[in-house]
Amino acid sequence: MEKKYISGHQLFTLFALSSLGGSVIVASSPMAAVAKQDAWLGALVSAAYGMCVILMFYFIGSRHPGLTLIGILRQVLGKWLGTLFAVCYVLFFLLLSTNLPWYIMDFMGHVMHETPQYAISLPLVLGFAIAVLYGIEVIARASEILIKFVTFIFLASILMVLPNIKPDNLLPVLEGGIVPVLKSSVFLSVYVTFPMVSFLMIFPVNMEDVFGAKKPLLKGFLWSNSVAFISILISLLVLGSGIVSKTKYPTFLLLKEINLLDIFTRIEYFISVLWIITEFVVGALFFYSGAAGLSELLKLKDGNKIVLPLALIVFIMSGVVFPSDVFNMNWLRLGWMPLSITMGLILPLLVLAVYGGKKAVWLIWGK
């Protein structure tokens, strides 16, 4: 892949949209099922320790300028173990690339009932491939434009639904104690925090000012968490925890409540625009990370040659990765959560521990 640099603002917008991803429409349901009316507190807890995780990603990247996650793993963990984990990350990124089109197909099935699933998936996967062929710089520039649309649609939707809020839906606070709140925070983190380990494929290798990237990363994370928090809070205030916990896409149902003077009604499909934009950006990032990582592992001179074959695989797998909703729910509970935690928290902590151990040994022997 050709090496191109992105600015701090582009890093902010790219990170913000990628971190937001599906959390704005998916995460509130499992969170409400666990913490009930206290799910909004789980969003705050997730943001608090998520900042530490993002700082860990920044620390790991900033200590290895010029390297991708693949290079960092090999340098810190050694050739064989580092390569093994690098292969796991490439498969992880490509797996996420197949999951995202499925969610779009499933969601759009509520709108386009008779449209074949692959007809919905095809434009999205083609968008991934085209974006990757043009490079990370183009994806980052697109994110600068798309974030304005996302912000406008989100704020307009929230303002129009405010007349329907019912403050009593948040009472009593902490009825079940702090444990359900902590558990619910994990459901949000597996969407907005841990998958962002993929940014180590573009940071620091695509940044000229490596040490100036901390602020854009934290700003992007706070932006996405603010949107997720407001979405969860408003969903609870309008619908109540009972409805939110039993609804697959609570935010979609939330916007059905909008009715301003019988003029602005049934605009819930606006949320589909917001979600498709964020899913496109995060999908392009994961696909880029998988393609770039595989290219680096295979030591290809021109990584673009594998983009279209990978896109074909992603396209085919997007229609069969989840045979049913039941399979998908079991995957989220038994597969996705431990996988996301392992790849986005446990392995980076291992890299950090080995790096710190090597530095400590070097300091001791140096003296």
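Please treat every number below as a calculation from the coordinates, not as lab data. Model, not experiment: these values are computed from the prediction. Neighbour counts are summed over all protein chains in view; Cβ atoms, including those assigned to glycine, are modelled from backbone coordinates with ideal geometry.
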Inset, instruction - Could you run the Karplus curve 6.51 cos²θ - 1.76 cosθ + 1.60 with θ = phi - 60° over the range 149-158 and give me ³J(HN,Hα) per residue in whole Hz, x for Gly and Pro? - result: 5, 4, 4, 5, 4, 5, 5, 4, 5, 5
Inset, instruction - Enter the angle in degrees (range 0 to 90, nearest 10) between the Cα long axis of helix 178-192 and the first principal axis of the Cα atoms of the chain, meaning the one along which they spread out most. - result: 60
Inset, instruction - State the answer as a single residue: which of LEU345, GLY357, TYR49 lies farthest towards the positive end of the charge dipole of the chain, with beta carbon charges of +1 for Lys and Arg and -1 for Asp and Glu, about the Cα centre. - result: GLY357
Legend entry - Other-chain or far-sequence residues with amide H under 5 Å of LEU300's (modelled H): none
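DSSP loop (so not H, G, I, E, B), at most 10 other Cβ within 10 Å: list which chymotrypsin sites (Phe, Trp or Tyr not before Pro) in the range 53-105 pass both filters.
Working: sites: PHE57, TYR58, PHE59, TRP80, PHE85, TYR89, PHE92, PHE93, TRP102, TYR103; in loops: none.
Hits after loop and neighbour filter: nothing returned.
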Inset, instruction - Name the long-range amide H neighbours of GLY240: under 5 Å, sequence gap of 5 or more, or other chain; modelled H, no Pro or chain starts. - result: none
Inset, instruction - For each pair in LYS36/LYS215; LYS79/LYS219; LYS183/LYS215; LYS4/LYS219; LYS219/LYS305; LYS4/LYS214, compute the distance between the two Cα atoms and list the pairs where it is over 31 Å. - result: LYS36/LYS215; LYS79/LYS219; LYS219/LYS305
Inset, instruction - Provide the per-residue ³J(HN,Hα) series for the range 316-331, in order, calculated from phi with Karplus coefficients 6.51, -1.76, 1.60 and θ = phi - 60°, each as a whole number of Hz, with x at glycine and proline positions. - result: 5, 5, 4, x, 10, 5, 10, x, 7, 5, 4, 4, 4, 5, 5, 5
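Within 10 Å, at most 10 other Cβ atoms, and a DSSP state outside H, G, I, E, B define an exposed site. Report the longest part of the chain free of exposed GluC sites (Glu not before Pro). Walk me through the numbers before you get to the answer.
Details: sites that count: GLU2, GLU114.
That gives 115-367 as the longest site-free run.
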Legend entry - 0 to 90° range, to nearest 10: angle between helix 347-366 axis and the chain longest Cα axis: 30
Legend entry - Mean ellipticity per residue at 222 nm, deg cm²/dmol - from DSSP H runs of n ≥ 4 across the chain, formula -39500 (n - 2.57): -22500 deg cm²/dmol
Legend entry - Which of ASP302, ASP209 has the fewest Cβ neighbours within 10 Å, and the rest in rising order: ASP302, ASP209
Inset, instruction - Please report, in debye to the nearest 20, how large the charge dipole of the range 8-366 is about its Cα centre when each Lys and Arg carries +1 at its beta carbon and each Asp and Glu carries -1 there. - result: 940
Legend entry - Residue-wise HN-Hα coupling along the range 26-42, computed from phi with Karplus coefficients 6.51, -1.76, 1.60 (Hz; x: Gly, Pro): 10, 5, 5, 5, x, 5, 5, 5, 8, 9, 6, 6, 9, 4, 5, 5, x
